[in-house]
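S.K.: Right, I'll just put the structure down here and ask away after.
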Ligand code: MTE
């Protein structure tokens, strides 16, 4: 996304195998939280059991497909090709730099124009809102994509609990400020912390989730643990990682990428193959693990669920 963007290449040999880091206890605990626990049990214990007495890296067996029939990317791919500029701009360097980042315990404060502001622990959120499996496409604005099986719950359920007032029109998301643990925060002169925003109706759409897990287990630090936003019809940068503040406001919030390059990254940032980035086409994308490019789908393939949110809006102008 920086100025020296080049077409991205990933060599399979560069994907560093990494042991499945979840302990069996952690896995069983998070699996028990999910509605799909039975389905999960069919694939994951094999991975954890064979991992038990050995140090050999094990990739959880991938039995996930999205609603279009695309297989999910492997756990290895999803956890070794990441955008997370607080650590580094190198997508293949995030996993190593984030390995010791503490994601538990984790709290998120929900406040602003609400009747019932509250700070929640991720554990409490998992108990209250029972994460479910959501297999979503993630389309990065840079032209690569992944299919990721998240564990999460609709953001609308949390918003309902805090009761937005009639004045609230937007939601502002702020992620952790931890320069001592996140080397990119010190080396990149960006206006940290990372900020994002959604209109309230976008935030309340059923596709918008807060993810607290992935691949049937905990949410790895490089993928945004303790808790992250996932908005699958928008470019990946809207899906802010490591959330600590969620504020209900009555204005369109600033976003980090819009502040850095307003002509390149708009507030909406809906996936749209017909609106090119000023420096590259958005018509196609490369799924990590594939060599040929695929056609990018309008609203990333979620048109039926979200097109109504933008009725009457000029999508070239509101990019
Ligand atoms: N969140 C934070 N806090 N910092 C980031 O740099 N990068 C975004 C988004 N969320 C980013 C972030 C971008 S550009 C993308 S494509 C996705 O995270 C990538 O998510 P993934 O690494 O889990 O696939």
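Readers should treat all values here as calculations from the given coordinates under stated rules, not as data from a laboratory. Please read these numbers as outputs of a predicted model, since none were measured by experiment. Cβ: placed from backbone, ideal geometry, glycine included. Neighbour counts: every protein chain shown.
S.K.: For the subset of the stretch 266-289 comprising residues that are touching a helix residue (DSSP H, G or I) at 6+ places or on another chain (Cβ under 9 Å) and more than 23 Å from residue 305 (Cβ to Cβ), which member is nearest to the ligand (Cβ to nearest atom)?
M.R.: Filtering first and then ranking leaves 288.
S.K.: How many residues does the stretch 72-96 contain that are touching a helix residue (DSSP H, G or I) at 6+ places or on another chain (Cβ under 8 Å), part of a helix (DSSP H, G or I) and surrounded by fewer than 20 Cβ atoms within 10 Å (Cβ to Cβ)?
M.R.: Total satisfying the criteria: 0.
S.K.: Among (1) buried (at least 20 other Cβ atoms within 10 Å of the Cβ); (2) more than 11 Å from the ligand (Cβ to nearest atom); (3) farther than 22 Å from residue 133 by Cβ, there is one condition residue 159 misses while meeting the rest; what is its number?
M.R.: Of everything listed in (1) buried (at least 20 other Cβ atoms within 10 Å of the Cβ); (2) more than 11 Å from the ligand (Cβ to nearest atom); (3) farther than 22 Å from residue 133 by Cβ, residue 159 misses just condition (3).
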